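**Student:** Let me begin by handing over the structure; questions about it come next.
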Amino acid sequence: MKKWIVLCVSAILLLSACSNNEEATKQANTNEATENNNETTTNELTEETIVKGEEGDAVPMIQQALIDIGYDVEETGVLDSYTVWALTDMQLQLEDIATTGIYDKAMKQVIEEQLDQTTVEPAAKLDRPDSNDHLSLAIDNPYEVLALVNKSNALPEGFEPEDLTVPDVRFPFEEDDPKKQLRKVAADALEELFEASEAEGLNLFAQSGYRSYDRQVAVFAANVEKHGEEHANTYSARPGESEHQTGLVMDVTTDEVGFDLIVEFGETDEGKWLKDNAHEYGFIIRYPEGKEDITKYQYEPWHLRYVGEQAATEIYEKEMTLEEYLEAKQ
């Protein structure tokens with residue numbers, strides 16, 4: 001009887017050991033697979049710059065990496081609205097990374113670090129868009145540098161950028177005014193642009209940058225009272241429809257035109273230089289001459305909008321507006 005009990009106990013212990021070994025093996029294989037998956041993902045991530053609407057073999061790798069981090073995105077092969085949202089949300093949560101919604105070499109490094117040790121919380125700073133239609137021009141993500149703000153696309157109510165700063169450039173006034181501000185990514189680029197223009201002996205001055213919703217209410221109302229609503233709709237934006245509220249716009253001028261924002265600025269050396277060089281620093285002349293039927297605004301050679309170097313270069317080379325550029329991505 002005792003021998004039988006001993007045999008039973010031995011059998012139970014043997015089965016338990018086998019089971020534990022099997023579980024340990026499974027766990028080891030799982031860990032190894034996870035490590036290999038992360039290693040494969042990071043090794044295949046590209047360093048090239050990819051903006052919203054672009055597609056290619058590199059995009060699914062980016063999307064899979066974001067999924068591994070915990071973001072609810074889809075592997076579509078297109079840098080769509082969900083993917084741009086995830087990139088932007090990560091950028092908003094981390095320091096020392098520009099908030100653009102663009103994938104680039106810097107974001108490759110960020111994603112690799114997050115795969116190794118995740119510190120971000122998906123959707124902690126930016127709500128997921130309702131739609132993943134990358135063709136949509138609706139402003140679900142106001143932090144995206146390619147966000148289209150115009151008479152048909154208003155910013156979310158109450159939007160105010162979190163990363164506003166004053167660029168180290170010349171202003172024709174000394175007051176501490178909110179209109180000196182830009183979002184950091186645009187401020188850094190503007191400083192480089194001004195430095196390059198000064199090297200050419202030009203005298204650019206920054207006149208008007210960020211403008212809050214409430215400030216735009218006052219500006220538009222003043223234009224209506226002075227010139228009538230039809231004139232105001234052509235020469236100024238309704239509240240919520242002003243690019244200045246994005247923090248990505250700076251109106252620039254020069255002493256040659258008395259620091260005014262007038263069409264004649266385009267004929268100055270500064271205006272001509274901007275037309276041919278602003279794209280190198282990520283800016284476009286947002287309301288170009290001859291495109292009024294598309295932009296719905298008069299020609300404004302002083303109105304610089306930051307969109308990033310890649311998009312700005314394509315827009316410049318193809319003589320497009322931002323509307324045309326985004327439509328071409330469809």
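The values are calculated or read from the model by the stated rules, or taken from the named source; none is laboratory data. Quick caveat, the model's predicted, so the values are computed rather than measured. Don't worry about glycine lacking a Cβ; one is built from the backbone with ideal geometry, like all the others, and counts go over all protein chains shown.
**Student:** Are any of the residues in segment 172-181 at negative phi, surrounded by 13 or more Cβ atoms within 10 Å (Cβ to Cβ) and among the aromatic types (Phe, Trp, Tyr)?
**Tutor:** No: zero hits.
**Student:** Between a residue in segment 201-226 that is more than 14 Å from His303 (Cβ to Cβ) and any residue that is buried (at least 18 other Cβ atoms within 10 Å of the Cβ) and among the acidic types (Asp, Glu), which pairs come within a Cβ distance under 8 Å, given they are 6 or more apart or on different chains?
**Tutor:** Final answer for the pair search is Leu202/Glu270; Asn203/Glu270.
**Student:** Is there a residue in segment 300-323 that is farther than 23 Å from Val51 by Cα, hydroxyl-bearing (Ser, Thr, Tyr) and part of a loop (DSSP other than H, G, I, E, B)?
**Tutor:** Residues of segment 300-323 farther than 23 Å from Val51 by Cα: 300-302.
Filter once more, keeping what is hydroxyl-bearing (Ser, Thr, Tyr): none.
No: segment 300-323 contains no residue that is farther than 23 Å from Val51 by Cα, hydroxyl-bearing (Ser, Thr, Tyr) and part of a loop (DSSP other than H, G, I, E, B).
**Student:** If I go through segment 221-271 residue by residue, how many of them are among the hydrophobic types (A, V, I, L, M, F, W, C), surrounded by 19 or more Cβ atoms within 10 Å (Cβ to Cβ) and in a loop (DSSP other than H, G, I, E, B)?
**Tutor:** Number of matching residues: 2.
**Student:** Something else about it: Return the pairs, sorted by first residue and then second, in which the second residue is in a loop (DSSP other than H, G, I, E, B) and of a type outside the set (Gly, Ala, Ser), the first residue lies in segment 255-269 and is in contact (Cβ under 8 Å) with a residue 12 or more places away in the chain and under 16 Å from Phe171 (Cα atoms), the beta carbons are less than 6 Å apart, and the residues are 6+ apart or on different chains.
**Tutor:** Asp255/Asn203; Glu256/Thr268; Phe259/Pro172
**Student:** Of the residues Asp72, Asp89, Asp168, which single one is at pLDDT 95 or above, within 18 Å of the chain's Cα centre (by Cα) and of a type in the set (D, E, K, R)?
**Tutor:** Asp89
**Student:** Go through (1) free of Cβ contacts under 8 Å to residues at least 40 places away in the same chain; (2) in contact with an Asp or Glu (Cβ under 9 Å, 6 or more places away or on another chain) and name the single condition Glu75 misses.
**Tutor:** (2)
**Student:** Here's something else I'd like to know. Here is a check on your reading of the model: is Arg215 surrounded by 13 or more Cβ atoms within 10 Å (Cβ to Cβ) and assigned to a loop (DSSP other than H, G, I, E, B)?
**Tutor:** Answer is no for this residue.
**Student:** Being in a loop (DSSP other than H, G, I, E, B), assigned by TED's automatic domain parsing to the domain that holds Glu55 and not basic (Lys, Arg) is the requirement here; does Asp168 meet it?
**Tutor:** no
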